[in-house]
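Below: the structure, in structure tokens.
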Amino acid sequence: VPRIADWATISLVDDKGMLQSLEVAHADPEKLRFAKALQREYPPDPNQDTGQFRVHRTGRSEVYNEIPDSLIEQSARDAEHLRLLRELKLRSAMIVPMKQHDDVLGVISFIRAESKRKGYDEYDLEFAESLAARAALALSNARLYRVAQEANRTKTDFLAVMSHEL
């Protein structure tokens, strides 16, 4: 944001294997507050047939060169939700998995809305998938580091108890 998207979201898989929204980004702080309020009021439905939950399940990217109003209507839960979704003026989107080997660690969504840029193409998707792969590698390394730190702490505690006993 704002070079490749008007909106960007990052969702990560939690300890229970569920996709949880982590961050939403937009250049305009007012729109960011609006999006976060909308997400609290209408949290994403994990049973949706499209979007981030399907990308999480399949591990395959989705690209919407143009977001038709019918897709927005299908996503809305009620009339007020539909009105709020239309207010976002969503035009185009890419949703890409953050994969490490065959594990999907999370999902990054890139959305174009009010800007005059055209819909996403294969070059945009290639860039987004490369970015998601790098993010997955960084996330995986951070998790491995945390495990190594915990193992080191356990070893230190064990040695302290052993030396005390001796």
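The values are calculated or read from the model by the stated rules, or taken from the named source; none is laboratory data. The structure presented is a predicted model; accordingly, all values stated were derived computationally and were not measured. Virtual Cβ from ideal backbone geometry, glycine too; neighbours counted across all protein chains shown. All accessible areas refer to the heavy atoms of the entire protein, side chains included, with ligands and DNA or RNA removed. Shrake-Rupley method; radii C 1.70, N 1.55, O 1.52, S 1.80 Å.
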Pairs only if they're at least six apart or on different chains, beta carbon under 7 angstrom, first in segment 119-135 and in contact (Cβ under 8 Å) with a residue 40 or more places away in the chain, second exposed (fewer than 15 other Cβ atoms within 10 Å of the Cβ); list them, first residue then second.
-> 119/65; 119/66; 120/65
Sole residue being out of contact with any Asp or Glu (no Cβ under 8 Å at 6 or more places or on another chain), surrounded by 15 or more Cβ atoms within 10 Å (Cβ to Cβ) and of a type outside the set (Val, Ile, Thr), chosen from 98, 94 | 98
Might you check whether a residue that is touching a Pro at 6+ places or on another chain (Cβ under 8 Å), touching a residue at least 60 places away in the same chain (Cβ under 8 Å) and surrounded by 11 or more Cβ atoms within 10 Å (Cβ to Cβ) occurs anywhere in segment 60-77?
-> yes
Does residue 117 satisfy the condition of being of a type in the set (Lys, Arg), under 27 Å from residue 14 (Cα atoms) and surrounded by fewer than 17 Cβ atoms within 10 Å (Cβ to Cβ)?
-> no
Please enumerate the residues belonging to segment 128-152 that are touching a strand residue (DSSP E or B) at 6+ places or on another chain (Cβ under 6 Å), at pLDDT 95 or above and open to solvent by less than 70 Å² (accessible area, probe 1.4 Å).
-> 128, 132, 135, 136
Does any residue of segment 18-25 turn out to be of a type in the set (D, E, K, R), surrounded by fewer than 18 Cβ atoms within 10 Å (Cβ to Cβ) and outside any strand (DSSP E or B)?
-> no
